[in-house]
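The values are calculated or read from the model by the stated rules, or taken from the named source; none is laboratory data. Keep in mind that what you see is a predicted model, and the values were worked out from it rather than measured. Positions of Cβ are backbone-derived with ideal geometry, glycine not excepted, and every protein chain shown enters the neighbour counts.
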There are 2 protein chains.
Amino acid sequence: FKPSTIHRSLSFRERGMQKQTHPVARRLFDIMEQKQTNLCFSADVDNFAELLELADKIGQYICCIKTHVDIMEDFSAQNIKSLKELSVRHNFLIFEDRKFADIGNTVRSQYTGGIYKISDWCDITNAHSLPGPGIVSGLKSSLDDKSTRACLLIAEMSSQGNLADSKYKQSTVEMASEHGDFVIGFICTSKVSENPSHIHFTPGVKLINGVDGFGQKYLTPDEVIRRRGSDVIIVGRGITESANRIKTAKEFQEAGWMAYNRR
Amino acid sequence: FKPSTIHRSLSFRERGMQKQTHPVARRLFDIMEQKQTNLCFSADVDNFAELLELADKIGQYICCIKTHVDIMEDFSAQNIKSLKELSVRHNFLIFEDRKFADIGNTVRSQYTGGIYKISDWCDITNAHSLPGPGIVSGLKSSLDDKSTRACLLIAEMSSQGNLADSKYKQSTVEMASEHGDFVIGFICTSKVSENPSHIHFTPGVKLINGVDGFGQKYLTPDEVIRRRGSDVIIVGRGITESANRIKTAKEFQEAGWMAYNRR
């Protein structure tokens with residue numbers, strides 16, 4: 001990674017007020033400024049009891065909770081309702097990390113149908129740009145009201161040996177620009193778009209740099225937000241594997257926000 | 001697409017007998033020769049009543065059934081058990097088209113956990129190579145017995161404007177070669193590997209060429225199997241949207257097998 005000369009031209013608040021900013025992105029920018037947090041908690045647990053407890057206890061420190069609904073052993077409409085209630089009480093968004101990756105006709109069914117009915121409850125989901133623009137059209141086509149649902153495109157990955165090269169990234173940014181009524185930003189390892197309405201989410205964040213057993217690389221909040229110009233840090237195991245999860249979540253919130261203020 | 005000079009150097013039976021052929025691939029090659037079918041039925045329906053009825057009625061014409069378990073409204077262990085029973089009675093494999101697309105640590109949980117517990121019941125699943133080799137390691141790491149579960153990597157897509165270019169395809173083939181104990185072939189639009197143990201599956205097959213509303217392109221069995229050198233045709237809407245599904249399934253079986261015999 002080559003350090004760039006990224007500087008904060010506009011605040012989150014100002015970016016939320018841009019005319020072209022999607023309503024879901026505006027909500028997120030507002031939450032970030034109100035709660036002074038750019039921490040998205042990746043709830044990589046396998047049961048709702050633990051997820052709901054965590055969401056309640058660290059809800060004040062996060063702008064967004066990221067779920068993998070398909071690793072939960074006890075998915076139910078009631079559990080989703082409880083999560084929604086917590087998201088209202090603590091004012092955070094729900095982001096289902098589905099990584100849609102199929103043709104338009106299939107992802108439409110996967111987004112709205114089956115047991116999970118993801119589009120009923122998640123504010124934000126994400127998709128790979130790999131299948132081409134039909135994936136975005138397919139997801140979008142299922143929504144009656146596009147002002148309450150949004151999508152992130154995966155422009156870069158943080159795993160070793162991944163195949164998303166610079167051309168891939170560029171094509172992804174173009175695809176996002178063509179679908180501003182649904183795509184609000186990116187999963188990426190650094191800022192990829194100059195459009196202030198776009199929000200950049202970066203996973204693989206820990207308080208110290210490193211690599212896991214399957215090649216997932218970790219970077220610090222300062223590296224990700226200040227040096228690489230991303231906006232939101234996604235932290236999972238950095239919090240869930242901590243002996244004191246609440247204290248650690250607060251540390252990430254402070255580190256992420258400090259990095260934002262320093263850029 | 002540039003027509004190539006693909007010719008059938010080895011039969012499916014011979015390819016199943018190669019020393020390096022994975023046990024799941026061997027089973028599939030055997031089924032194909034025994035039943036004289038290289039038709040994989042893509043069961044794009046949203047309920048098990050319909051899926052099980054179809055699987056029972058067209059089971060004799062297919063080597064494999066492809067599911068999207070997450071679009072089923074009535075997933076249950078009992079319904080999966082019924083599908084397994086049909087797969088034994090009619091001798092076909094079950095292929096869950098999950099298109100895993102996350103880092104290794106996450107796909108491991110998605111493959112084995114949650115409500116679906118995919119690795120418990122599917123013979124074959126598939127994954128995008130996009131996240132790098134960690135995705136294959138992650139899936140593999142969850143299996144006690146790798147001889148009964150296998151994976152296809154998505155080397156090419158059939159949707160318009162997709163970002164899987166020739167370099168991407170080449171990297172995918174290399175990744176497959178390095179994980180022969182789990183990866184048995186590819187989702188692709190034409191033959192991508194010279195390794196006779198690798199099986200090529202091609203989706204987007206109808207009896208006439210065309211395009212759907214989200215940019216999915218369709219090719220004929222002859223084009224896919226004889227000219228492009230793929231091995232298995234994946235047919236979904238070509239059958240499910242037919243007024244006579246059983247008759248149409250038989251037509252695809254015959255067309256696919258004839259194309260195989262003519263190459």
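Would a scan of the stretch A:63-76 turn up a residue that is touching a helix residue (DSSP H, G or I) at 6+ places or on another chain (Cβ under 6 Å), within 25 Å of residue B:153 (Cα to Cα) and surrounded by 22 or more Cβ atoms within 10 Å (Cβ to Cβ)?
Yes, some residue in the stretch A:63-76 is touching a helix residue (DSSP H, G or I) at 6+ places or on another chain (Cβ under 6 Å), within 25 Å of residue B:153 (Cα to Cα) and surrounded by 22 or more Cβ atoms within 10 Å (Cβ to Cβ).
Taking the residues in the stretch B:82-110 that are in a helix (DSSP H, G or I) and either modelled with pLDDT under 95 or within 20 Å of residue B:27 (Cβ to Cβ) (or both) as candidates, determine which candidate is nearest to the other protein chains (Cβ to nearest Cβ).
Across the stretch B:82-110, the extreme among qualifying residues is B:105.
So which residues in the stretch A:58-79 are away from chain B (no Cβ under 13 Å), under 20 Å from the mean Cα position of the chain (by Cα) and in a helix (DSSP H, G or I)?
Within the stretch A:58-79, A:58, A:59, A:60, A:61 meet the criteria.
Which residue, of A:26, A:13, is surrounded by fewer than 21 Cβ atoms within 10 Å (Cβ to Cβ), assigned to a helix (DSSP H, G or I), more than 15 Å from the chain's Cα centre (by Cα) and of a type outside the set (Ser, Thr, Tyr)?
Exactly one residue qualifies, and that residue is A:13.
Residue B:144 versus (1) within 17 Å of the chain's Cα centre (by Cα); (2) among the acidic types (Asp, Glu); (3) modelled with pLDDT under 95: which is the lone unmet condition?
Going through (1) within 17 Å of the chain's Cα centre (by Cα); (2) among the acidic types (Asp, Glu); (3) modelled with pLDDT under 95 one by one, residue B:144 breaks only (1).
Identify, please: which residue in the stretch A:33-50 is touching a residue at least 40 places away in the same chain (Cβ under 8 Å) and away from chain B (no Cβ under 14 Å) and is, among those, surrounded by the fewest Cβ atoms within 10 Å (Cβ to Cβ)?
Taking the candidates together, the pick is A:34.
Consider residue A:166 carefully, then state whether it is touching a helix residue (DSSP H, G or I) at 6+ places or on another chain (Cβ under 9 Å) and of a type in the set (S, T, N, Q).
Spelling it out, it is not the case that residue A:166 is touching a helix residue (DSSP H, G or I) at 6+ places or on another chain (Cβ under 9 Å) and of a type in the set (S, T, N, Q).
Can you tell me how many residues in the stretch A:169-189 are surrounded by fewer than 23 Cβ atoms within 10 Å (Cβ to Cβ) and either within 11 Å of chain B (Cβ to nearest Cβ) or touching a Phe, Trp or Tyr at 6+ places or on another chain (Cβ under 7 Å) (or both)?
So the answer is 6.
Would you be able to tell me the number of residues in the stretch B:111-127 that are assigned to a loop (DSSP other than H, G, I, E, B) and under 22 Å from residue B:156 (Cα atoms)?
1
Among the residues of the stretch B:229-237, is any out of contact with any strand residue (DSSP E or B) (no Cβ under 6 Å at 6 or more places or on another chain) and over 18 Å from residue B:58 (Cβ atoms)?
Yes, because at least one residue in the stretch B:229-237 is out of contact with any strand residue (DSSP E or B) (no Cβ under 6 Å at 6 or more places or on another chain) and over 18 Å from residue B:58 (Cβ atoms).
If only one of A:5, A:37 is in a loop (DSSP other than H, G, I, E, B), modelled with pLDDT of 95 or more and either closer than 28 Å to residue A:262 by Cα or basic (Lys, Arg) (or both), which one is it?
Going through A:5, A:37 in turn, just one is in a loop (DSSP other than H, G, I, E, B), modelled with pLDDT of 95 or more and either closer than 28 Å to residue A:262 by Cα or basic (Lys, Arg) (or both): A:37.
Scan the stretch A:127-142 and give yes if some residue there is surrounded by fewer than 24 Cβ atoms within 10 Å (Cβ to Cβ) and within 25 Å of residue B:134 (Cα to Cα), otherwise no.
Yes - at least one qualifying residue is present in the stretch A:127-142.
Checking the structure you have, find out if any residue of the stretch B:207-217 is at pLDDT below 95 and of a type in the set (Val, Ile, Thr).
yes
So which residues in the stretch B:128-152 are part of a strand (DSSP E or B) and more than 11 Å from chain A (Cβ to nearest Cβ)?
B:150, B:151, B:152
Residue B:88 fails exactly one of the following numbered conditions: (1) surrounded by fewer than 21 Cβ atoms within 10 Å (Cβ to Cβ); (2) out of contact with any helix residue (DSSP H, G or I) (no Cβ under 9 Å at 6 or more places or on another chain); (3) more than 20 Å from residue B:62 (Cβ to Cβ); (4) of a type outside the set (S, T, N, Q). What is the number of that condition?
The number of the failed condition is (3).
If I filter the stretch B:153-164 down to residues being at the interface with another protein chain (Cβ under 8 Å from one of its Cβ atoms) and part of a loop (DSSP other than H, G, I, E, B), which single residue comes out as surrounded by the most Cβ atoms within 10 Å (Cβ to Cβ)?
B:157
Which of the residues belonging to the stretch B:217-245 are farther than 25 Å from residue B:175 by Cβ, surrounded by 22 or more Cβ atoms within 10 Å (Cβ to Cβ) and not aliphatic (A, V, I, L, M)?
Within the stretch B:217-245, B:221, B:236, B:238 meet the criteria.
Considering only the stretch A:206-228, state which residues are farther than 16 Å from residue B:141 by Cβ, part of a loop (DSSP other than H, G, I, E, B) and within 14 Å of chain B (Cβ to nearest Cβ).
Correct list: A:206 only.
Here's the yes/no breakdown for (1) out of contact with any Gly (no Cβ under 7 Å at 6 or more places or on another chain); (2) in contact (Cβ under 8 Å) with a residue 60 or more places away in the chain:
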position	(1), (2)
B:16	yes, no
B:55	yes, no
B:63	yes, yes
B:70	no, no
B:80	yes, no
B:100	yes, no
B:106	yes, no
B:113	yes, no
